[in-house]
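Worksheet: one structure, shown below.
The values are calculated or read from the model by the stated rules, or taken from the named source; none is laboratory data. Just so it is clear, the model here is predicted, and its values are computed rather than measured. Note that we place each Cβ from the backbone using ideal geometry, even for glycine, and neighbour counts take in every protein chain shown.
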Amino acid sequence: MALIDQIIVFGYLLGALAVGLAVTRKASSSSEEYFLAGRSLPWWLAGTSIVATTFAADTPLAVTGLVASGGIAGNWIWWCWGIAHVVAAVVFARYWRRLRVVTDAEIMELRYAGPAAVALRVTKTAYQAIFLNCLTMGWVILAMRKVTLNLFPDQNPIHITFGLMALAVTYSVLGGMRSVVLTDLAQFILAMIGAALLLIYVLQAPEIGGISGLLTQLEQTYPENSESFLSFFPTGDLPDMPIFLFAVLMTVGWWRQAEGMGYIVQRIGATKSPRDAEQASIWFAVLHNAIRPWPWILVALAALVIWPLGSVPDAGPCTSALISCPAGFSCSDAICVFDREATYATLLVEKLPPGALGIVLISLLAAFMSTIDTHVNWGASYLVRDIWQRFVSPDTPPRQEVLVGRIGVVIMALLAAGLSLKMNSIVSVWVFLLTLGSGLGSVAIARWLWWRVNAVAELAALITSTALAIWVVYADIGRAEGILWVAFGSLAIWLPLAIFGRPTPMERLDTFYQKARPAGAWGPIAARNPHINSALEKGVGLRLLAGLCAVYGTLMGLGGLILRPQTWIWASLLVGGISAFTWLLIRAKTDPE
C-alpha cells in the first residue's frame, strides 16, 4: 500500500477503537445496557446494524464464487431467505420484542416448563453460542485471510487477520452493544462506498469497457451459456444451481430463518418498541437482499471475463493450510487451485490506484469487524444470560455481570479463531448451515403458532437435524436432496412428539400467551385468556405480499435496470418494490403495539 492508503487504514482503526472507549462507562452499568444498549435503538439504526453484521469480508468473496458456478441465479442459495426475512418482519418481530428477551435461548423456559425446558435452553445455548456462532465467525476469518493474502503476499495472513480481530474484540469488550451498533453504522456506509468504488474501477478497465462492454465480453467468452450467467432464475446450464435445487430453496430452504434468530433477535430486543422492531426487520430485509449485493455481482461477472473459467492452471502441491498456496489460490485435495472466491480480493490489488485502495480496504476491514464485534457480543450474551444468571449466580451485581460478559467475548473470539484454521471454503460452510437449518425451521415456526408443541419435540428436532446434516455431508448427498432429507426427517420425528406427547402445563402457556400475544392454533389457551387480543394483525396476507414485492421487486428491478435498461418491466418492478417497502414502513408505524 502507498502512504495515503496506510494513513486511511490506520485512521479508521483508531476511530473504531475511540468509539468503544467513548461509551465504555455507560456500557458497564448493567448487562441489559451492555448487550441491548438499554433497549433504546431506533428502527433504522437497529436494522442497519443487522445488515452490517451480515456483510463481512466473506460476503463479496462468496458471491463471487456463487456467480462463477451458478451465475446470478446462484445467489438464490441466500436470496431464498428473503421470504423468511419478510415473514419475520411482518409476523414474528413484534412477538420477540414483547417478550423482552436478551437471547433467543431464553424463550425455551418462557414457552416450555420442567426439566425438558431447562435441557433445551442449555442445548440451544451451546448450539447457538458455540457451534453456530463460532462456525460463522470461522468462515468470516477465513475470508479475511484470503483478502490479506492478496494484499500482503509477503506477510502471514493469519497474523494480520487476528490482529484486526483483536481490535474488533477490544472495542466490543469496552463498549458492548452501543459501540457495536455505532461502529456498524459507519462500517456499513464505508463498506458500500468501497464496493461501489471497486465496481467503478473494474468497469473502467480496458478489458471490460463499462456495463455494455461487460455484456459483450461475457457473450464472446461464453457463447453457449452467457445468458445463463445473466439470468435471475436458473436455466439448468450451470452446475451449482439446478432448477430442482432452486425449487427446494424456495419451498423449504428458508424455514429456519422465518422466526428471526440469534443476533437478529438481539437487535429486535434492543429496539425502543414492537413497532420499531417490525420497522427494523423490514428495513433489513430490503437493504440486505435487494440493494446491497449488486456491486458484488457485477464485479463477479467482470472476474469471469478477466479470468475465464478453466483458464488458470493449478499452482502445484500444497498442505491443508491456506498460507501454503500463492495469492489467488487455495488448497483443495493437496493441490493449489485457482480460488474463484479470492478473485474479488485480487481485483482490489490489480485495479485500484493509491487512495482508492485504502478506501476499499477499510471497507472490507469494516465489514469484517462489524461481523466479529456482533458475534462475540451476541455469543457472550448467552453465556451471561443463559448460563451465569440462570445457573451460577442469579444475584450477581450488574457490573459483575458485565465483567462476565467481557470475559465471554474473549472466549468466543478465541474459539472462532481456532476453528477458522480448519476451513478452506466459504460457500461449503454456507451450504452446510443451510442444510442444517432446514430441519429446525418447522418446529421453530410451529412453536409460536401451535400450543401443542413441547420441549421434547423441539429438542428432538435439534438432535435429528444435526445428525442428518452431518450424515448428508459425509454421504456426499446433493444439496437439494440433503435439504429435503433434513427438513422432512426432522418433521417426521418432532410432529408425532407434539401431537401425542405431554403438552406444556397450561399455566406456563398462559404466561407466554399473555406476553407474546401470538396468533394461530391456541384454542384452549385463548379460551382461558379471552381478554388477550392475539389475532394476527389485520391484513397480514397483504403485508406479506407487499414484503415479498418490496424485496424481490426491488432486487430484480434494480438489477434489470443495470443490465437491461431498455426493458420497461424492470422499472415497473423497481417502482413497485419501493412503493411496497414504503407502505410497509408506514403501516408498521401506525399499527397498535
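Taken residue by residue, segment 243-254 has no member that is crowded, with 20+ Cβ neighbours inside 10 Å, of a type outside the set (A, V, I, L, M), farther than 30 Å from residue 340 by Cα and touching a residue at least 40 places away in the same chain (Cβ under 8 Å). If you go through segment 167-215 and pick out every residue that is under 15 Å from residue 299 (Cα atoms) and in a helix (DSSP H, G or I), you end up with 19.
Within the set 162, 131, the sole residue that is assigned to a helix (DSSP H, G or I) and touching a residue at least 12 places away in the same chain (Cβ under 8 Å) turns out to be 162. Are any residues in segment 455-482 modelled with pLDDT of 90 or more and in contact with a helix residue (DSSP H, G or I) (Cβ under 6 Å, 6 or more places away or on another chain), and if so, which ones? Answer for segment 455-482, where residues must be modelled with pLDDT of 90 or more and in contact with a helix residue (DSSP H, G or I) (Cβ under 6 Å, 6 or more places away or on another chain): 455, 456, 457, 458, 459, 460, 461, 464, 465, 468.
Per this entry, residue 98 is counted among residues that are touching a Pro at 6+ places or on another chain (Cβ under 7 Å), under 29 Å from residue 276 (Cα atoms) and not in a loop (DSSP other than H, G, I, E, B). When the residues of segment 219-264 are filtered to those that are under 30 Å from residue 108 (Cα atoms) and charged (D, E, K, R), the one that is modelled with the highest pLDDT is 259.
Among the numbered criteria (1) closer than 27 Å to residue 269 by Cβ; (2) in contact with a helix residue (DSSP H, G or I) (Cβ under 7 Å, 6 or more places away or on another chain); (3) assigned by TED's automatic domain parsing to the domain that holds residue 118, which single criterion is violated by residue 411? Here residue 411 clears every test but (2). Just one of the listed residues (477, 463, 493) is surrounded by fewer than 20 Cβ atoms within 10 Å (Cβ to Cβ), in a loop (DSSP other than H, G, I, E, B) and not polar (S, T, N, Q), and it is 477. In this structure, residue 267 does not qualify as at pLDDT 85 or above, more than 30 Å from residue 564 (Cα to Cα) and surrounded by fewer than 22 Cβ atoms within 10 Å (Cβ to Cβ). Could you list, in sequence order, all residues of segment 565-589 that are under 18 Å from residue 271 (Cβ atoms) and either of a type in the set (A, V, I, L, M) or not in a helix (DSSP H, G or I) (or both)? Answer for segment 565-589, where residues must be under 18 Å from residue 271 (Cβ atoms) and either of a type in the set (A, V, I, L, M) or not in a helix (DSSP H, G or I) (or both): 584, 585, 586, 588.
Of note, residue 236 does not satisfy the criterion of being small (Gly, Ala, Ser), in contact (Cβ under 8 Å) with a residue 40 or more places away in the chain and assigned to a loop (DSSP other than H, G, I, E, B).
Taking segment 508-523 as the range and being surrounded by fewer than 17 Cβ atoms within 10 Å (Cβ to Cβ) and within 13 Å of residue 99 (Cβ to Cβ) as the test, the residues that pass are 511, 514, 515. The residues listed here are 188, 152, 162; of these, the one that is at pLDDT below 75 and assigned by TED's automatic domain parsing to the domain that holds residue 210 is 152. Can you confirm whether segment 219-226 contains a residue that is among the charged types (D, E, K, R), in a helix (DSSP H, G or I) and free of Cβ contacts under 8 Å to residues at least 60 places away in the same chain? Checked against the condition, which is being among the charged types (D, E, K, R), in a helix (DSSP H, G or I) and free of Cβ contacts under 8 Å to residues at least 60 places away in the same chain, segment 219-226 yields at least one hit.
Note on segment 342-383: among residues that are surrounded by fewer than 24 Cβ atoms within 10 Å (Cβ to Cβ) and part of a loop (DSSP other than H, G, I, E, B), the one that is nearest to the chain's Cα centre (by Cα) is 352. Looking only at residues of segment 542-562 that are more than 22 Å from the chain's Cα centre (by Cα) and buried (at least 19 other Cβ atoms within 10 Å of the Cβ), we find that the one that is farthest from residue 199 (Cα to Cα) is 543. At least 1 residues being modelled with pLDDT of 75 or more is the threshold, and among the helices (runs of 4 or more DSSP H) wholly inside segment 1-76 those reaching it are 3-22, 31-36, 43-54, 58-70.
Of the residues in segment 105-125, at least one is assigned to a helix (DSSP H, G or I), modelled with pLDDT of 85 or more and of a type in the set (Ser, Thr, Tyr). Checked against the criterion of being over 19 Å from the mean Cα position of the chain (by Cα), at negative phi and not aromatic (Phe, Trp, Tyr), the candidates 63, 118 yield just one match: 118. Of the residues that make up segment 300-311, is at least one without any contact (Cβ under 8 Å) to a residue 40 or more places away in the chain, part of a loop (DSSP other than H, G, I, E, B) and not aromatic (Phe, Trp, Tyr)? Within segment 300-311, one or more residues are without any contact (Cβ under 8 Å) to a residue 40 or more places away in the chain, part of a loop (DSSP other than H, G, I, E, B) and not aromatic (Phe, Trp, Tyr).
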